[in-house]
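These notes concern the structure reproduced below.
The values are calculated or read from the model by the stated rules, or taken from the named source; none is laboratory data. Small disclaimer: the values here were computed from a predicted structure and weren't measured. Please note: Cβ atoms are built from the backbone with ideal geometry, for glycine as well, and neighbour counts cover all protein chains shown. The protein model used for the area step is the full one, side chains on, heavy atoms only, and it has no ligands, DNA or RNA in it. Shrake-Rupley method; radii C 1.70, N 1.55, O 1.52, S 1.80 Å.
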Amino acid sequence: MANSKYEYVKNFELEDEVMFPNFILVRINGRNFTKFSQLHQLHKPYDENALNLMNSCAVSLLEEYADIVLAYGFSDEYTFVFKKTSKFYDRRASKVLSIITSFFSSVFVTKWSDFFPQKELQYSPSFRGHVTSCASVDVLQAYLLWRQNICHASNQYDQCFWRLVKRGMDFREAHDLLKGAEKCNLNNLLFDEFNVNYNTLEPIFRQGSCVLKAVVDDIVKYADNGVPIKRQRRKIITVHSKKIAGRKFWNDQTVLLKELGCFVEDVDNVKPEYVKSFEFDSKLMPLTWIVIRIDGCHFHRFSELHEFVKPNDERALNLMNSCAMTVLEEFPHDIVFAYGVSDEYSFILKKTTELFQRRASKIVSTILSFFTSTYVMRWKDFFSQSELKYPPSFDGRAVCYPSTEILKDYLSWRQVDCHINNQYNSCFWKLVASGKQKREAQQNLKGAQLQKKIEELAIDYNNLPAMFRQGSSVFWDKMDNALTHQQNGKSSESCGRVIVEHCNIIGSGFWLEHPSILEEKQ
């Protein structure tokens with residue numbers, strides 16, 4: 001990373017490591033999925049295709065990340081359990097959460113057409129989540145029992161609710177009828193009113209889905225006499241077990257016993273407050289600027305595999321800009337500015353924001369998930385001739401800055417970084433294009449003054465596109481909005497329209513020209 005006088009802003013970053021020997025659990029939930037299911041006309045109370053899509057995404061995560069050994073999900077929720085010894089991204093909660101949420105979102109969009117070939121995605125789905133730090137295998141057992149109990153209770157209610165609605169009740173009437181009903185009463189209502197035996201409903205609805213790594217006998221080949229030859233192998237399986245927190249299920253799973261430990265006794269009851277006390281979350285400091293910075297995961301490999309133009313691919317940068325604009329439009333009352341370069345973007349939330357009650361995990365995961373989904377959905381708009389070869393993902397974190405001046409220094413730091421890195425990359429790829437190996441080019445530039453190298457290599461640096469040299473600034477154009485409202489005869493307040501500029505944001509010039517962006521009274 002480039003050195004500059006602005007690097008002091010890194011001191012505001014806080015570590016959020018989940019300490020050994022705690023288990024790391026990541027739980028994600030669909031954001032606004034009631035609206036999402038209505039818009040996409042998903043079957044009620046549950047759409048089996050949608051559940052199978054969620055399960056398929058969970059399988060992909062276990063395939064992608066070796067440290068995840070178990071996942072449990074129902075409806076629009078999934079929990080991922082990491083092995084006890086995991087050092088996944090050095091156990092930093094924000095990074096673990098953001099990568100899992102981002103990759104899940106990416107896979108969800110990528111696989112949508114496999115499960116809904118006749119339904120086009122109408123908008124970018126997103127998920128939000130948090131990390132739970134389980135202090136022992138007993139807490140893990142209590143957590144799994146709690147979530148499966150929620151699955152069971154929610155399914156009972158939903159089965160009754162949607163049948164009543166289909167019969168002709170409105171939502172409020174159905175809700176009032178079921179309010180406070182006991183488990184046995186719901187079962188009786190299903191049977192008496194709709195002739196449905198709850199216990200005969202599909203296990204995927206009643207018990208949820210458990211995705212895990214198991215040791216199974218796999219046929220590797222056949223002998224000459226036709227007898228199958230089997231070997232024990234680790235394989236990812238999906239089951240719908242009645243009691244995943246029970247000893248009978250758990251202690252039959254070799255991989256779970258090895259990576260997580262055994263359940264000593266069965267538990268029948270759990271207090272949600274007890275499990276919630278292990279949630280790894282924090283509220284961000286009030287009246288501070290919140291910066292959510294996201295970075296592409298392994299984008300060197302991603303860019304090579306998708307044959308990005310070097311040193312800068314205008315299509316890739318414009319795709320990132322398009323996603324950033326959509327994020328601002330999705331959160332018009334909270335995000336006031338964004339700055340991006342290469343595979344990185346920083347989103348600035350106003351000082352007074354109360355988005356998700358300023359809970360870091362929800363803010364980071366939601367913005368990151370929405371950005372990722374949009375990236376996958378809009379890929380073809382910018383790479384019409386190139387298929388997306390695998391689901392991309394991003395990681396992110398939240399940092400608070402106490403004053404506007406320090407926030408400006410943060411943005412200056414990122415733009416200085418953009419400038420120096422672009423100088424280096426311009427030289428590096430010019431050397432590679434001249435016939436040098438990548439290692440030779442690196443050695444040639446080691447310790448070199450980049451400005452002199454640019455002159456030696458006859459690079460017309462100042463005439464390179466401003467987007468390459470200065471990055472992209474995304475913000476609300478309120479002046480244009482005011483004119484639009486006058487022309488339309490409307491007096492309602494609005495944030496305006498989102499625009500992208502490629503300009504110098506170091507110093508006071510840009511901010512004097514756009515004073516409303518960082519107004520502390522938003």
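When the residues of segment 73-102 are filtered to those that are among the aromatic types (Phe, Trp, Tyr) and open to solvent by less than 10 Å² (accessible area, probe 1.4 Å), which remaining residue is farthest from the chain's Cα centre (by Cα)?
This residue is PHE82.
Here is a yes/no grid of residues against (1) modelled with pLDDT under 85; (2) open to solvent by 60 Å² or more (accessible area, probe 1.4 Å); (3) of a type in the set (Val, Ile, Thr):
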{"position": "ALA214", "(1), (2), (3)": "no, no, no"}
{"position": "ASP217", "(1), (2), (3)": "yes, yes, no"}
{"position": "VAL220", "(1), (2), (3)": "yes, no, yes"}
{"position": "VAL227", "(1), (2), (3)": "yes, yes, yes"}
{"position": "ILE237", "(1), (2), (3)": "no, no, yes"}
{"position": "LYS243", "(1), (2), (3)": "no, yes, no"}
{"position": "ARG247", "(1), (2), (3)": "no, yes, no"}
{"position": "LEU260", "(1), (2), (3)": "no, no, no"}
{"position": "VAL267", "(1), (2), (3)": "no, no, yes"}
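Got at least one residue in segment 309-325 being free of Cβ contacts under 8 Å to residues at least 40 places away in the same chain and farther than 30 Å from LEU212 by Cα?
Among the residues of segment 309-325, at least one is free of Cβ contacts under 8 Å to residues at least 40 places away in the same chain and farther than 30 Å from LEU212 by Cα, which makes the answer yes.
Can you tell me which residue among GLN415, GLN385, GLN437 is in contact with a helix residue (DSSP H, G or I) (Cβ under 9 Å, 6 or more places away or on another chain) and polar (S, T, N, Q)?
GLN415
One line per residue, one yes/no per condition, for (1) surrounded by 17 or more Cβ atoms within 10 Å (Cβ to Cβ); (2) modelled with pLDDT of 95 or more; (3) closer than 30 Å to ILE363 by Cα:
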residue	(1), (2), (3)
PRO125	yes, yes, yes
VAL131	yes, yes, yes
LEU144	yes, yes, yes
ASP170	no, no, no
ALA174	yes, no, no
LEU177	no, no, no
GLY180	no, no, no
PHE191	no, no, no
ASN195	no, no, no
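Looking at the structure I just gave you, is PRO402 under 30 Å from ARG31 (Cβ atoms), touching a Ser or Thr at 6+ places or on another chain (Cβ under 6 Å) and surrounded by fewer than 18 Cβ atoms within 10 Å (Cβ to Cβ)?
Values: under 30 Å from ARG31 (Cβ atoms): yes; touching a Ser or Thr at 6+ places or on another chain (Cβ under 6 Å): yes; surrounded by fewer than 18 Cβ atoms within 10 Å (Cβ to Cβ): yes.
For PRO402, the condition - under 30 Å from ARG31 (Cβ atoms), touching a Ser or Thr at 6+ places or on another chain (Cβ under 6 Å) and surrounded by fewer than 18 Cβ atoms within 10 Å (Cβ to Cβ) - is met.
Residue by residue through segment 3-46, note down the ones that are of a type in the set (S, T, N, Q) and open to solvent by 100 Å² or more (accessible area, probe 1.4 Å).
We begin by selecting, within segment 3-46, every residue of a type in the set (S, T, N, Q); these are 3-4, 11, 22, 29, 32, 34, 37-38, 41.
Of everything in segment 3-46, those that are of a type in the set (S, T, N, Q) and open to solvent by 100 Å² or more (accessible area, probe 1.4 Å) turn out to be ASN3, ASN11, GLN38, GLN41.
Which of the residues spanning segment 57-72 are small (Gly, Ala, Ser) and either open to solvent by 10 Å² or more (accessible area, probe 1.4 Å) or more than 15 Å from LEU140 (Cα to Cα) (or both)? Steps first, please.
First, the residues of segment 57-72 that are small (Gly, Ala, Ser): 58, 60, 66, 71.
Across segment 57-72, the qualifying residues are ALA58, SER60, ALA66.
In contact with a helix residue (DSSP H, G or I) (Cβ under 7 Å, 6 or more places away or on another chain) and farther than 20 Å from ARG397 by Cβ - does that describe any residue in segment 323-334?
yes
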